[in-house]
Amino acid sequence: MLDNFQRKINYLRVSVTDRCNFRCVYCMPPEGVKFTPHQEILSLEEISRVVDAASDIGITKVRITGGEPLVRKNILDLFRYISANPCIDDISLTTNGVLFADMAEDLKKSGLNRVNFSLDSLNPETFREVTRVGNFPDVWRGINKALELNLHPVKLNVVAVRGVNDQEFGDFARLSRELPLHIRFIELMPIGECNPWAVGNFIKAEEILQRLQEEFGPLETKIKITGSGPAQYYRLPGAKGTIGVITAMSNHFCHSCNRLRLTANGQLRPCLYGKQEFDLKTALRSGAGRQELADLIAKAIRYKPSQHHMEEGWTDRRVMSQIGG
Ligand code: SAM
Ligand code: SF4
């Protein structure tokens, strides 16, 4: 379906939980955020109903995210259900990767097409500092398993944080030379917990690219990767993978935004940075049928703003793990 600004909305990101087994410094405080009570979180059956209704009005791509989606009980059932819908041609996952290796084969069998891992450092100690609890070898095993199972394109999300991982941009680029990994440096967003802290540690994508070019010389441009979305990709000459930047802050990509987000507690959000939400949970729990749900989703699409106003600050009560990053 087209929205009011002629953008084709075909992508639904589903947060299946607001819980997580990591506590990344820019995402959650050490004690975790106040988790939503279980009964307020959509059941897998309710999520499936939303996906079916969304597919009736043109959603063809679904990403499962969170919180950490792999901590959700029986998550494979959801992949199985969605992959049986003939209108959905792409099912992807965003994960911190720590549980991935042991679940990878079952995820693939259940319909997973491709996976994005969040990996902010290649140094196990820095990785532990950023995630507070993460064990680098577990995640690395997951990434290798995804490559082994051809869950391509395998992407790595690296949130760039000054003083934390900005000495590693070159190491990530070298990794893209050796392995078919698509590494995306993401600008730190001043959302939720990390709000005041993020401002002082922010690194513009332009600076990342400049530093890479100083180290490696000119990069190949205009590279297209499946599901490239808002990232701009580059390649080191001869590399098996790519490096990209997501200019979430410095240069918004709202004009080409094709997505809706379903929060873990059943609110449909037309814009990550907008506070407006459409209450699908109440509709689901008061007997709405597939058509009624599709009508509500279509309404949310009509309300999708032309662009976000992040520069006005993040005044939302929610954090990234609740909305689904
Ligand atoms: N737990 C999964 C993971 O980490 O991949 C999925 C959910 S996480 C919220 C999704 C993505 O959002 C991660 O790549 C994470 O790095 C990113 N993220 C979280 N908070 C962010 C922030 N303040 N700025 C930029 N990216 C952020
Ligand atoms: Fe968990 Fe992902 Fe947030 Fe890290 S970024 S705390 S892994 S939800």
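The values are calculated or read from the model by the stated rules, or taken from the named source; none is laboratory data. This is a predicted model, so every value here is computed, not measured. Quick reminder, even Gly has a Cβ in these numbers, built from the backbone with ideal geometry, and neighbours come from all protein chains shown. Just the protein is used for accessible areas: all its heavy atoms, side chains included, with ligands, DNA and RNA removed. Shrake-Rupley method; radii C 1.70, N 1.55, O 1.52, S 1.80 Å.
Over the Cα atoms of the range 112-193, the radius of gyration divided by the Kirkwood radius equals 0.96; this is the Rg/Rh ratio. Taking 7 Å steps out from each Cα toward its Cβ at N123 and C87 produces label points 4.9 nm apart. If you look at the Cα atoms of the range 209-301, you get an Rg and a Dmax of 19.3, 59 Å. Modelled this way, with points 7 Å down the Cα-to-C-beta line, the labels at T60 and R174 are 4.1 nm from one another.
Comparing Cα centroids, the range 63-89 and the range 10-24 end up 11 angstrom apart. Placing unit charges on the Cβ atoms only, positive for Lys and Arg and negative for Asp and Glu, gives the chain a dipole magnitude near 620 debye about its Cα centre. Remark: the range 1-90 is approximated by an ellipsoid whose semi-axes, taken from the C-alpha gyration tensor as √(5λ), come to 27, 17, 11 Å, largest first.
If the chain linking N251 and D102 were pulled fully straight, counting 0.36 nm for each residue of separation and taking away their Cα-Cα distance, it would gain 49.9 nm. Relative to the compact-globule estimate of 2.2 N^0.38 Å, the Cα radius of gyration of the range 11-323 comes out at 0.96.
3J(HN,Hα) along the range 122-136: 9, 9, x, 6, 5, 4, 5, 4, 5, 8, 6, 10, x, 10, 4 Hz, from the Karplus curve 6.51 cos²θ - 1.76 cosθ + 1.60 with θ = phi - 60°, whole Hz, x for Gly and Pro. Each of the peptides 65-71, 18-24, 299-305, 47-53 was scored by the mean count of other Cβ atoms within 10 Å over its residues; in descending order, highest first, they stand as 65-71, 47-53, 18-24, 299-305.
Taking 0.890 mPa s as the viscosity and 25 °C as the temperature, the Stokes-Einstein diffusion coefficient of the range 44-184 based on its alpha-carbon Kirkwood radius rounds to 154 µm²/s.
Take the Cα of R302, step 7 Å toward its Cβ, do the same at N144, and the gap between the two points is 5.4 nm. Computed in the context of the full set of protein chains, the accessible area of the range 11-323 at 1.4 Å probe radius has 50% of its extent on carbon or sulfur. Taking every alpha-carbon pair under 8 Å whose residues sit at least 6 apart, the chain reaches a relative contact order of 23 percent.
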